[in-house]
Amino acid sequence: MKILSLFFVLAFGFAHSQTHRFVYEYQFKTNPKAEDFRKANMVLDVNPDEIKFYDYQHLINDSINKKGGRNYSWNGNPSVKRNRNSFKNISYQMTKDYFLVNSEDLMTWKLSEETKKTGEYTLQKATTDFKGRKWTAWFCKEINIEEGPYKFRGLPGLIFELSDDQQNFIFKLIKSEKLAKTFDTNDFLENFGGKKPYEINQETLNKMMLEFFNDPMREIRERFDELPVGTFKVGGEPVKSKDQLKDMAKVMQEHLRKNHNPIELTGTIMYPEDQKSKP
């Protein structure tokens, strides 16, 4: 594990307008029955007043865009912002549009006496139940930052490792670096592709997602007669008739079911099962 500059933070704290960046390897399953993990690197920016958590790919795209590119992509991994020492989070989500959802995500930790060594650091175990899943964290008291990946925080030290008991989601700290100035995320978090997010509550967002699931081809069907045949493509396949849309809708619904494994189970949309597939 390559973790840089942690002792500097411990000894000297934060300078004015400084960002301390922690990078986590994120392993996750889009389907709880899957054997293989997908992987991504995630960024935890600890600023003097704010915490930001987002996909490392945004940093790569942002660098390209500042050189004149137009490189934007949203892969569905969590993006969160909050004030330091707060459990009130802003979650950024991309569905049919760019949205933000406010939430208060209190969590109660149970500390264990169990410890382990990771390199030169001693980590202590803690557990919590959060939004329908049981989580285990390993944190380091030597690093006096009560933060961690995603919405997880409130332990007396930085979270180095975090996983749920079903091993669907695993975070491991792999790198740390210190930036001289507060890093500006305005071009890809507070705005995305030049668009500000619409504020929405989770219930309304769930309703929108369910409406799309129930009729995923509605917009194509409603606009089908306006444009030449073959204009619309689904999965790379041109749509030549409205009759095709019925089968395509079923394929889309099955794809959504199989690739829906939310990190939060409580309060999150659950797609209905395919009734025809039941015995």
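The values are calculated or read from the model by the stated rules, or taken from the named source; none is laboratory data. Quantities reported herein were computed from a predicted structural model and do not represent experimental measurements. Cβ coordinates were reconstructed from backbone atoms using ideal geometry, including for glycine residues, and neighbour counts include every protein chain displayed. For the accessible areas, the whole protein counts, side chains as well, though only heavy atoms, and no ligand, DNA or RNA atoms are used. Shrake-Rupley method; radii C 1.70, N 1.55, O 1.52, S 1.80 Å.
Using a 1.4 Å probe on the protein heavy atoms, what percent of the accessible area of region 117-182 belongs to carbon and sulfur? Looking at region 117-182 in its full context, I get 45 percent from C and S. Tell me the carbon and sulfur percent of the accessible area for region 203-256, rounded to whole percent, probe radius 1.4 Å. Roughly 53 percent of what the probe reaches on region 203-256 is carbon or sulfur. With a cut-off of 8 Å between alpha carbons and a minimum separation of six or more residues, what is the relative contact order of region 175-268 in percent? The normalised contact order for region 175-268 reaches 24 percent. The modelled label-to-label distance for the pair residue 106/residue 261, using points 7 Å beyond Cα in the direction of Cβ, is 3.1 nm.
Taken per residue, the accessible surface of the chain reaches 55 Å², heavy atoms only and a 1.4 Å probe.
Using unit Cβ charges (K, R positive; D, E negative) and no other charged atoms, how large, in debye to the nearest 20, is the dipole of region 26-157 about its Cα centre?
For region 26-157, the charge dipole is close to 340 debye.
Applying Stokes-Einstein at 4 °C and 1.567 mPa s to the Kirkwood radius of region 183-240, computed over alpha-carbon pairs, gives a translational diffusion coefficient of 89 µm² s⁻¹.
So if each residue of separation counts as 0.36 nm, and I subtract the Cα-Cα distance between residue 215 and residue 114, what length gain in nm does that give?
Net length gain for the segment: 31.3 nm.
Quick check of the Kirkwood formula: for region 165-279, what is the inverse mean of 1/r over all pairs of different Cα atoms, in Å?
18.4
Mean separation of Cα pairs under 8 Å and 6 or more residues apart, divided by the residue count, gives region 108-252 a relative contact order of 11 percent. When you restrict to C-alpha pairs under 8 Å that are six or more residues apart and normalise by the size of region 19-105, the relative contact order lands at 19 percent. Restricting attention to region 160-222, lysine pairs at least eight places apart or on different chains and with alpha-carbon atoms under 28 angstrom apart total 5. Cβ-Cβ distance of residue 206 and residue 64, R₀ of 51 Å, FRET efficiency by 1/(1 + (r/R0)^6): the value works out to about 0.90. The figure for residue 211 is an accessible area of roughly 110 square angstrom, using a 1.4 Å probe on the protein chains alone. The residues packed around residue 262, meaning those with a beta-carbon under 12 Å from its beta-carbon, carry a net charge of +1 if Lys and Arg are +1 and Asp and Glu are -1. Reported value for region 20-103: 132 Å³ per residue, from the convex hull of its C-alpha atoms. Within a straight-line Cα-Cα reach of under 19 Å, residue 110 can be paired with the following lysines, leaving aside sequence neighbours fewer than 8 residues apart in one chain: 125, 131, 134, 141, 151. When the alpha carbon coordinates of region 32-188 are projected onto the principal axes, the ranges are 52, 41, 30 Å, largest first.
The mean of 1/r over all pairs of different alpha-carbon atoms in the chain, once inverted, gives a Kirkwood hydrodynamic radius of 20.9 Å.
The gain in end-to-end length when the residue 240 to residue 38 segment is fully stretched comes to 69.3 nm, 0.36 nm per residue minus the alpha carbon separation. Taking every DSSP bridge with both residues inside the chain, close to 95 percent are antiparallel.
For residue 106, what charge total do you get from the other residues with a beta carbon under 13 Å from its beta carbon, if Lys and Arg give +1 and Asp and Glu give -1? So the surrounding residues net to +2. Identify, among 89, 124, 170, the residue whose Cα sits farthest towards the positive end of the charge dipole of the chain, taking +1 on the Cβ of Lys and Arg and -1 on the Cβ of Asp and Glu, with the dipole about the Cα centre. Highest projection toward the positive end goes to 170.
Can you give the FRET efficiency to the nearest 0.05 for residue 181 and residue 146, using r as the Cβ-Cβ distance and R₀ = 25 Å? Between residue 181 and residue 146 the formula returns 0.60. Taking all C-alpha pairs of region 139-210, those more than 21 Å from each other amount to 55 percent.
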